[in-house]
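To keep things clear, I will list the structure first and then write my remarks on it.
The values are calculated or read from the model by the stated rules, or taken from the named source; none is laboratory data. Because the structure is a prediction, the values reported are computed rather than measured. All Cβ positions, glycine included, derive from the backbone under ideal geometry; neighbour counts span all protein chains shown.
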Amino acid sequence: MVPSWTETLLICGVEVVGRTRFCIHPLERIKNIPIVGGTKDIDWEKVKELKADILLLDKEENPAMMAKKSPIQCYATHMRSFTDGPEECVALSKLFQNKHLSFLAERWKFLSAQKANYTLSNLPGITEWVNPLKDSVKNFIYVIWYKPWMAVSCQTYIGSVLNILGVGQMQRNFLEPYPEFNLSDFDPNETALLCSSEPYPFHMKKDFLKTLPFSVALVDGEVFSWFGVRSVKFVESALADTGH
């Protein structure tokens, strides 16, 4: 019930018999896997019909009721940071008796101890600057929703990836992991907006974003938030480009 784990398990050779409607990678592998719900809802009758051994959840992504109501064995990861990945991946390798997940955990552990020195001007994962980056910008907000405006704080998986890439000190922090905020509280000359492609489709709202007085970039939300093989490959590539 976790899109990023679905992708990771499939690539590592674990048999996945059910998925959420948001499990869209790898495309050629998920087409014939039945959908049993979303990350917040689930059809228990479909789950029973599939006769799966394990219901895989994540505490950040799925509601606790899924674990409580599950008619089959349940395992929930807790991915709050990039550094949580190796331990969780080792646990999954044991759970599914899969050596490829163990190899992935080793790669992940190595990357967790690294740090790059990117800036906003060359940050991997940015797909386009809708409004040019101003020289006066000192910080940024990673934006995930509109109406209301919502962001992610430094204390999230996304925040930890941004920190490894070297821009964590520029990220505006909030008390809550996924807070609502007022755009008018920030100086458009000092703050940039990194607007994610998910869960809100900011890439389809470029005309609106161009009307904002802020420096605005569109970012690939999957590479920052899909923990597992996608995140590992992204960070690995980013570090390689800087000579790490």
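Each row is one residue, and each column tells you yes or no for (1) surrounded by 16 or more Cβ atoms within 10 Å (Cβ to Cβ); (2) within 20 Å of MET1 (Cα to Cα); (3) modelled with pLDDT of 95 or more.
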| position | (1), (2), (3) |
| --- | --- |
| ALA76 | yes, yes, yes |
| SER81 | yes, yes, yes |
| ASP84 | yes, yes, yes |
| CYS89 | yes, yes, yes |
| LYS94 | no, yes, yes |
| HIS100 | yes, no, yes |
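Would you please name the residue that is farthest from LEU194 (Cα to Cα), looking only at residues in the range 121-164 that are over 19 Å from the mean Cα position of the chain (by Cα), aliphatic (A, V, I, L, M) and outside any strand (DSSP E or B)?
Looking at residues that are over 19 Å from the mean Cα position of the chain (by Cα), aliphatic (A, V, I, L, M) and outside any strand (DSSP E or B), I get VAL137.
Taking the stated definitions as given, is SER184 among the polar types (S, T, N, Q) and not in a loop (DSSP other than H, G, I, E, B)?
Numbers: among the polar types (S, T, N, Q): yes; not in a loop (DSSP other than H, G, I, E, B): yes.
Answer is yes for this residue.
For residues that are of a type in the set (D, E, K, R) and within 25 Å of PHE103 (Cβ to Cβ), tally how many sit in the range 5-55. Write out each step before concluding.
Narrowing the range 5-55 to residues of a type in the set (D, E, K, R): 7, 15, 19, 21, 28-29, 31, 40-41, 43, 45-46, 48-49, 51, 53.
Next cut, within 25 Å of PHE103 (Cβ to Cβ) only: 7, 15, 19, 28-29, 53.
Of the residues in the range 5-55, 6 are of a type in the set (D, E, K, R) and within 25 Å of PHE103 (Cβ to Cβ).
Those residues that are buried (at least 19 other Cβ atoms within 10 Å of the Cβ) and of a type in the set (A, V, I, L, M, F, W, C), I need them from the range 31-59; list them, please.
VAL36, ILE42, VAL47, LEU55, LEU56, LEU57
From the list LYS138, LYS147, pick out the single residue that is on the phi > 0 side of the Ramachandran plot, modelled with pLDDT of 95 or more and in the same structural domain as SER184 (by TED's automatic domain parsing).
On the way: LYS138 fails: on the phi > 0 side of the Ramachandran plot.
Within the list LYS138, LYS147, the selection yields LYS147.
Taking the condition of being within 18 Å of GLU60 (Cβ to Cβ) and buried (at least 22 other Cβ atoms within 10 Å of the Cβ), how many residues in the range 193-225 meet it?
Keep residues of the range 193-225 that are within 18 Å of GLU60 (Cβ to Cβ), which gives 196, 198-200, 221-225.
Next, from what is left, pick out any that are buried (at least 22 other Cβ atoms within 10 Å of the Cβ): 196, 221, 224-225.
Count: 4.
Quick one: in the range 198-244, of everything that is in a loop (DSSP other than H, G, I, E, B) and in contact with a strand residue (DSSP E or B) (Cβ under 7 Å, 6 or more places away or on another chain), which residue is modelled with the lowest pLDDT?
First, the residues of the range 198-244 that are in a loop (DSSP other than H, G, I, E, B): 198-201, 205, 210-214, 220, 226-228, 242-244.
Filter once more, keeping what is in contact with a strand residue (DSSP E or B) (Cβ under 7 Å, 6 or more places away or on another chain): 199-200, 210, 212, 214, 220.
Details: PRO199: 94, TYR200: 97, LYS210: 98, LEU212: 98, PHE214: 98, ASP220: 97.
Top of the filtered list is PRO199.
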